[in-house]
Amino acid sequence: MNFVTPEIAWAPLTPILIVLGTAAVAILIEAFIKSPATRRTVQLTVTIGALLVALGFVIVQWVGLDGSAGDVVMTGKITVDAQSLAWQAMLLVFGILGALLFAARTSDGEDAFTPLGSVPPGSTKERLARRAGLKVTEVFPLLLFAVGGMMLFTCITDLIFLFVALELFSLPLYIMVALARRRRLLSQEAALKYFLLGAFSSAIYLFGAALVYGATTQIDLESIGIAIDFIPNRDGMLLAGAVMVVAGLMFKIGAAPFHSWVPDVYQGAPTPVTAFMGAATKAAATAALVRVMYLAFYPLEWELSWMFWAVAITSMIIGTLAALVQTDIKRMLAYSAVAHAGFILVAFAGLTPEALVALPFYLLTYGLATIGAFAIITQVRERAEDGGIGAEAVRLGQWAGLGKRSPFLAGAMALFLLSFAGIPLTAGFIGKFEVFSAAIAGGAWPLVLVAVIASMVAAFFYVRLIVLMFFTDAPEGADEAIAVETETLTRVVIGITAAAIVILGILPSGVLNIFESAAHLLVSAG
Amino acid sequence: MVNEVLFWTVALLTVIPSLALIFAKRPVHIAMSIVLVMVGLAAAYVGMGAPFLGMVQIVVYTGAVMMMFLFVLMLVGVDNAEDLRETIKGQKWIAFAAAGGLAILLIAVIGDATIEPRTGDVVGNPEEIAMVLFSEYVLVMEVLGFLLITAAVGALVLTHVPRLTPRRTQVELQAARVAAGADPVNKPMPGVYARHNALDVPALDPEGNPIEDSVSRVLEVRHQTQDGAEFRAQLEDTDNPDHEARPHGAPSRDSDTRNTREGEEPK
Amino acid sequence: MQSLIWLAIAIPLASAAFLLLAGKRADAWGHWVGVVASSAAFLVGAGALLEMLGQDAANRATTVTLWEFIPGSDLSVSAGLLLDPLSITFVMLITFVGTLIHLYSVAYMEHDVARRRFFAYLNLFIAAMLLLVLADSYLLLFFGWEGVGLASYLLIGFWNFKDEYATAANKAFVVNRIGDIGLIIAMGMIFAAFGSLDFATVFAQAPEASTATLTGIGLALLLAACGKSAQFPLQSWLGDAMAGPTPVSALIHAATMVTAGVYLIVRSAPIYNGAPDAQLVVAVVGAITLLLGAFIGMAKDDIKKALAASTMSQIGYMMLAAGLGPIGYAFAIFHLVTHGFFKAGMFLGAGSVMHAMNDTVNMRRFGALRGVMVITWVTFGLGWLAILGVPPFSGYWSKDKIIEAAFVGEGWQPWVLGGAALVGAGMTAFYMSRLFFMTFHGKARWEDDMHPHESSALMTVPMMILAVGSAFLGLFLATGDKFTHFLEPVTGHAEHHDPVISIPVIIGLTLALVAVGTVLAWMRYGRADVPVEAPAGSLGTITARNDFFQDSVNRAVFQRPGQHLTRTLVYADATIVDGAVNKQARGWARLGEASRKLQTGQARSYAATMLVGVIVIALIIVVGGL
Amino acid sequence: MTAMSFVYLAAILFAIGAAAVLLRRNAIVAFMGVELMLNAANLALVAFAHMYAELDGQIMAFFVLVVAAAEVVVGLAIIIALFRARQTISLDEPAELKG
């Protein structure tokens, strides 16, 4: 057996290589720059720079496609097609916004991360570390690793490679979840749960992949699809394997009954991490699920539709109902994320070509609104006893009368909530419209009906917060108890996301056209 | 190579120890059982034409991963027997039902599968594996590199405690001690010049006055020290060896005998 | 001018945005910006109308495509405006009445600290309402539909410092959401059946669609219309919505928004034409509501609530007409226009009275205002004559046509529907006269500290203009069937059918009933003394006073689950939100609590949930797939 | 006897590992359960590879091995950090995030 030099078309991978390569270099920066303050500046610059350059390359590639389907980087392993470029661009945007939030500091000069992750919360050592001005600037390279892993996740066409990429973007998230500056006990609890359940679901995914391999002798998605087409009777092993693979991906999307981690982790994680994770993980996992379903399991569409229906309906019901009774704003948005996972899965009904437009658009609008909403949460703070800026004010009651104190924040929040609710003239409406029409095109009538009713009920808890912000007077002494921050970086993020939500709500055609031309998965064999 | 002996050996070697995960109380026992499971799996790999993987399994799993588990178990020092009584209502029932259901489901679907084995003897020796790894799977290998970096960085972020205060030299320590008003020289040990050299008896200075500081503070707090003045009196009254007025709580004569240094005659 | 019709939407919208963002600096003059924006919209509309009148009847529909909204090969939705006789009618009604009400509000809201915000909401409403009627697709119409809902919600709850007002706003919100579900379902069905939401495409294909499909769509649209237009059984919110400032009641809850349901049904004429069953249901709902509203109107002592009941009843007439098919569409719209004038005029009159009487709304505390408020009396009186249907005032021309049309048909329908319309006319005469006499005639029953006076010119001039409309608009439009012919390109030409009773008899009967009703009202409330305290009343009166216990019924039938939500929305203050949500959990919220319990915080339970989920799904699929 | 029997064995080990995650309060033990699940998947992969006379299954198992090792590192680090803060590695104890 002679060694054959592999043929790899590296060029289409440029954006991913830039992101991951910069991440590795950024680790070296950690080692060589001693001063935490300098390190933060350098890391932020390097991170944003890398993400922007990568975004530029994605755009260049997009333009270079010029109507062609895309490139097979390595047969059976990675294809960079228009669809994955669209997802990659979206993830890079989420990454940039996330990095800005990671760097944002309160007026007391504290960012969202603990000064030192290894010491117990509230200990003397932690105080010493704070006084020494330490910073966990590793979050920036970790963010880059996560973004890189997610970008890979959107273009891989191989079950085992998917598993590796899944871990590549999950591990940094597990770590970052544990690093909150405030309420770090909760943050560590969230990290432990996230990790344990994440590993558990990876194991389920993996066993499923093994079963699929056993049933088809194939591991790359396209060959699996072809092999299944040739199997006259679908045997149980293939179906069970497919269910387990899809369940593993649905875990990352946060759909019920694989959603249990979502509320706890969203609440416990540092809010900038929640913002990034809420937007990006869902997008990446959806992109992978698209590829798995459209390339590998499309012959099983009828069999698996049961699963999609059941999971979508459960997610919408559980997410909506549980969000109704939440008193913690982060938790409320987390349950709404579960409901949105349900809406996402609605689009998979029938595996229509429409869904390939609807899903990226939905995830884009949802992700932008999520980042914006969580960014606003970082700005409403409790005042510490010593008069400094304390933890985030996350009880709903603490938001009463915010509309009077900060019309900008409250107005933007209202906008994001309306977008979540799918009210017309916000991006969320167009997203829902696209998703529902894709599902109708796929013949999933009753599913859409449930989705519509769920979104109606969901409107109540979104509106409740709006009513609270604008039409309820702040309780006595709220001015002293609640501090409203005006951090520049965060405001930039809020401004960008709010503008995007409005523009995508009124003039969505530009972006929809882009996704429209990206609505083909490159099939190398066919 | 797949024969019944191998299968049943591996089956016993893996299933029985792995049950420790459910029923054993001590985490260390569990970890050691899992080591056995890993060895069993390695044997299975070797038996199924994957000698390289078998070796890697031994090296990575039994050698590194499981040792790391043990290491952490020792580090956190919680090798207490775990109370296996279930605290979450119904969890035990659900867990056994779910695991049983899972096993039955998987066995059923595997039994249902129609698999046509191919003939041919492919052996995954290092050379063959390397050929495939670095041609077809080279990209995955590269991504694995990033994954390992992430893991290492993550572990450091979460566990490494850097020095938070500057290290102090001996000179600095000494200066600080003097500045705090400490004696520049050693303090006398308890019992020096006293009638007894027990730890609970204050030393006497050359004039015979007791130095209260010389007794451990712990004893003082516990009120287990002897009165120095009394021993001074004894010093003066050496003619009376059978001084009976031993303070309450003082060691008995027998213990005195044991505690006296060699060559010193007990009175 | 027609191609610039988008300006009619854009100007008020821009003005609303400006007023909301301008801040305190604009407090002194901001309201005039609102007035100017509304007038500008009117001028744009008038220009478009003139241009349209200059064209052939056949070419009067113009589609103005603004931009491609949602592109796509299968489903492309463009943001386009459809200008045709039907929509221009609404544009004129909305902008003209709207501008007058803007003017009136300048004086009415003079002492309100948030007047600028009020005008921003009014402008927002105008923009949304114009979008609703100008939209060229159901999707865009839905945007306007939601927009007017939002504006109405904001305006009803404008004085939200009072709990009951906020409750009213929320009630309107909840009921409207139910209607919205209807519209969304209808849109879904339309999309599924025709693959498009454009009026043009849908209506072109509608004749080929199956009756069942069209009936389904028609019923879903009716649900939407019922929610927006306060028709049975979703009528309960309208009375409570009177909590909003009176100009709002005049604009939104009399002249424009509440008639959106009628617009929706007339606009969807090609769908209803193919679905006789749905049409019949529309007509029956209209008939029920017109009687129900009239009945409620007879018992209400609150002047605004009595007017609201009357609105409900009059819209019932329009729905009835719309349900009659092509012979009724034009009359429905005709009545809608005349009603817009006289009802808005009366609401403004009521506002003027309230203004004079320190915001008292109890008619038992009024009386003998004729002497002190002459202009209000005259203008209100003209509106009263119009709604009674006394010739030659506006209402006669439109309502009488509806009654005549209701008598056309076969079998039981003409008798029941026509009978309802006829009886309704008599009842209308009674309760409107009761209202009029109790307010302006009889003895003064004012509280001691009242010093009623006529309102300022800013308020009376709009009332006068509307009164002129109440008096003569009907005559003007009815002469030579001008209006019906104008609408014909949209509503279709209706063959003339003879009613089951001859027309002169119908007219005679109607006028006789009206006369009886008026005389009865005069005997009880004009000549006789009206007790200041409401008498206990018969079972019927009590039922009517309580809106037929609609609230209780609603609560029992379908509001119970939503009730907790409403309550949470209303009392959303710190303590309640934090604490009592758990205690007060009912309905949905209890389910929410149950789902909350699943989230125990134990990682092991989570893992169990996941695993059981996978196993159950796999089991179903594997067993089902074998 | 074919390699198929090893797939059955893998299924049983997978179920035992899952049971451990559901039953054990000690985070490290639960985590060992996950490791056993991953190894069960590996066993299945290798067994299939043997049946199909391919190397791919082995390669996959190799990758899983490496990934699992990386995962272990992060997981144990999280457990240590939690232990330092709470002096316990019980999974039941930190249950403040709920509802």
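The values are calculated or read from the model by the stated rules, or taken from the named source; none is laboratory data. Quick caveat: nothing in here was measured; it's all calculated off a predicted structure. Cβ atoms come from the backbone with ideal geometry, glycine included; neighbour counts cover every protein chain shown.
The set of residues in the range C:567-626 being within 14 Å of chain D (Cβ to nearest Cβ), touching a Ser or Thr at 6+ places or on another chain (Cβ under 8 Å), at pLDDT below 70 and surrounded by fewer than 21 Cβ atoms within 10 Å (Cβ to Cβ) consists of C:ASP578 alone. I'd like to know if the range C:498-513 contains one or more residues that are in a helix (DSSP H, G or I), within 30 Å of C:VAL372 (Cα to Cα) and among the small types (Gly, Ala, Ser). No, the range C:498-513 contains no residue that is in a helix (DSSP H, G or I), within 30 Å of C:VAL372 (Cα to Cα) and among the small types (Gly, Ala, Ser). Tally the residues that are in contact (Cβ under 8 Å) with a residue 60 or more places away in the chain and either within 13 Å of another protein chain (Cβ to nearest Cβ) or within 24 Å of A:ARG105 (Cα to Cα) (or both), restricting the search to the range A:1-23. The number of residues fulfilling the criteria is 12. Across the range A:156-186, the qualifying residues are those that are part of a helix (DSSP H, G or I) and within 11 Å of D:ILE78 (Cβ to Cβ), and the one among them that is farthest from the other protein chains (Cβ to nearest Cβ) is A:VAL177.
Checked against (1) touching a residue at least 40 places away in the same chain (Cβ under 8 Å); (2) touching a Leu at 6+ places or on another chain (Cβ under 6 Å), A:PHE140 meets all criteria but (2). Consider A:GLY372 carefully, then state whether it is among the small types (Gly, Ala, Ser) and at pLDDT below 90. For A:GLY372, the condition - among the small types (Gly, Ala, Ser) and at pLDDT below 90 - is not met.
Test of understanding: among D:GLU71, D:GLU93, which residue is within 14 Å of chain C (Cβ to nearest Cβ) and either surrounded by fewer than 24 Cβ atoms within 10 Å (Cβ to Cβ) or within 21 Å of C:ARG604 (Cα to Cα) (or both)?
Working: D:GLU71 fails: within 14 Å of chain C (Cβ to nearest Cβ).
Just one listed residue meets the conditions, D:GLU93.
Looking at the range A:302-353, which of its residues are of a type in the set (Val, Ile, Thr), more than 16 Å from A:VAL450 (Cβ to Cβ) and touching a Gly at 6+ places or on another chain (Cβ under 6 Å)? Residues satisfying the conditions are A:VAL325, A:THR352. Any chance the range A:390-404 includes a residue that's surrounded by 24 or more Cβ atoms within 10 Å (Cβ to Cβ), within 12 Å of chain C (Cβ to nearest Cβ) and either on the phi > 0 side of the Ramachandran plot or β-branched (Val, Ile, Thr) (or both)? No; the residues of the range A:390-404 include none that is surrounded by 24 or more Cβ atoms within 10 Å (Cβ to Cβ), within 12 Å of chain C (Cβ to nearest Cβ) and either on the phi > 0 side of the Ramachandran plot or β-branched (Val, Ile, Thr) (or both). When the range B:18-46 is limited to residues that are in contact (Cβ under 8 Å) with a residue 24 or more places away in the chain and not in a helix (DSSP H, G or I), the one that is farthest from D:ARG24 (Cα to Cα) turns out to be B:ARG26.
Of all the criteria given as (1) among the small types (Gly, Ala, Ser); (2) within 7 Å of another protein chain (Cβ to nearest Cβ); (3) touching a Gly at 6+ places or on another chain (Cβ under 7 Å), the one not satisfied by B:ALA64 is (3).
With respect to C:PHE472, is the statement that it is in a helix (DSSP H, G or I) and either at pLDDT below 80 or surrounded by fewer than 24 Cβ atoms within 10 Å (Cβ to Cβ) (or both) true? Steps first, answer last, please.
Working: in a helix (DSSP H, G or I): yes; either at pLDDT below 80 or surrounded by fewer than 24 Cβ atoms within 10 Å (Cβ to Cβ) (or both): yes.
Judged against the criteria, C:PHE472 is a match.
Looking only at residues in the range A:302-320 that are free of Cβ contacts under 8 Å to residues at least 24 places away in the same chain and within 8 Å of chain C (Cβ to nearest Cβ), the one that is nearest to A:THR271 (Cα to Cα) is A:ALA310.
Matching residues to (1) farther than 30 Å from A:ILE59 by Cα; (2) among the acidic types (Asp, Glu):
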{"position": "A:VAL450", "(1), (2)": "yes, no"}
{"position": "A:ASP473", "(1), (2)": "yes, yes"}
{"position": "A:LEU489", "(1), (2)": "no, no"}
{"position": "A:SER509", "(1), (2)": "no, no"}
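Test B:MET74 against the stated conditions and say whether it is in contact (Cβ under 8 Å) with a residue 12 or more places away in the chain and either part of a helix (DSSP H, G or I) or among the small types (Gly, Ala, Ser) (or both). No; evaluated as a whole, the condition is false for this residue.
Table: residues versus (1) outside any helix (DSSP H, G or I); (2) on the phi > 0 side of the Ramachandran plot; (3) modelled with pLDDT under 80; (4) of a type in the set (Ser, Thr, Tyr).
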site	(1), (2), (3), (4)
C:PHE161	yes, no, yes, no
C:GLU164	no, no, yes, no
C:ILE184	no, no, no, no
C:ILE190	no, no, no, no
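Residues to consider are B:ALA130, B:ALA152; find the one that is surrounded by fewer than 18 Cβ atoms within 10 Å (Cβ to Cβ) and over 30 Å from A:LEU116 (Cα atoms).
Details: B:ALA152 fails: over 30 Å from A:LEU116 (Cα atoms).
Result: B:ALA130 is the single residue among B:ALA130, B:ALA152 that is surrounded by fewer than 18 Cβ atoms within 10 Å (Cβ to Cβ) and over 30 Å from A:LEU116 (Cα atoms).
Could you tell me whether the range A:324-331 includes any residue that is in contact (Cβ under 8 Å) with a residue 60 or more places away in the chain, over 30 Å from A:ALA103 (Cα atoms) and at the interface with chain C (Cβ under 8 Å from one of its Cβ atoms)? Yes, there is a match, as at least one residue in the range A:324-331 is in contact (Cβ under 8 Å) with a residue 60 or more places away in the chain, over 30 Å from A:ALA103 (Cα atoms) and at the interface with chain C (Cβ under 8 Å from one of its Cβ atoms).
Please find, among D:ALA10, D:ALA53, the residue that is within 7 Å of another protein chain (Cβ to nearest Cβ) and out of contact with any Cys (no Cβ under 9 Å at 6 or more places or on another chain). First the steps, then the outcome.
Details: D:ALA10 fails: within 7 Å of another protein chain (Cβ to nearest Cβ).
Within the list D:ALA10, D:ALA53, the selection yields D:ALA53.
Of all residues in the range B:124-168, those that are part of a loop (DSSP other than H, G, I, E, B) and within 7 Å of another protein chain (Cβ to nearest Cβ) total 8. Of the residues in the range B:91-100, none is on the phi < 0 side of the Ramachandran plot, outside any helix (DSSP H, G or I) and not assigned by TED's automatic domain parsing to the domain that holds B:SER33.
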